[in-house]
Amino acid sequence: MVIKVLGTGCPSCKKLEANVRTAINEAGVEASVEKVEDLQKIMEYGVMSTPALVVDEKVVAKGKVLSVGDIKKLIS
């Protein structure tokens, strides 16, 4: 599984990335986490508000910081 956190480095983007890493550890899921900060690449996903979360190339959330519990539901 490949999980991407799309965002320019704002506090919300950093919080989402931290929540993703915590969720992966708690769920015991094998996944890689990538941080995408390039605006051009973010726009290629059709995302206009960050942070956004992409799981296996599918945008699953945008414009909000998901909780660890919400992320675990998405990746389990």
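Odds and ends about this structure:
- The length gained by stretching the chain between Asp38 and Asp70 to full extension, at 0.36 nm per residue less their Cα-Cα distance, is 9.0 nm.
- Where only C-alpha atoms are counted, convex hull volume of segment 29-76 per residue in Å³: 76 Å³
- Sparsely packed GluC sites (Glu not before Pro) within the chain, loop by DSSP, other Cβ within 10 Å at most 10: Glu30, Glu57
- Angle between the chain longest axis and helix 11-27 axis [Cα atoms, degrees, rounded to 10]: 30 degrees
- Those residues of segment 47-65 whose amide nitrogen sits under 15 Å from the label point placed on Cys10, 7 Å along Cα→Cβ: 47-53, 62-65
None of the figures in this text is laboratory data; all of them are computed from the coordinates on show. This is a predicted model, so every value here is computed, not measured. In this analysis, Cβ positions are derived from the backbone assuming ideal geometry, glycine residues included, and neighbour counts consider all displayed protein chains.
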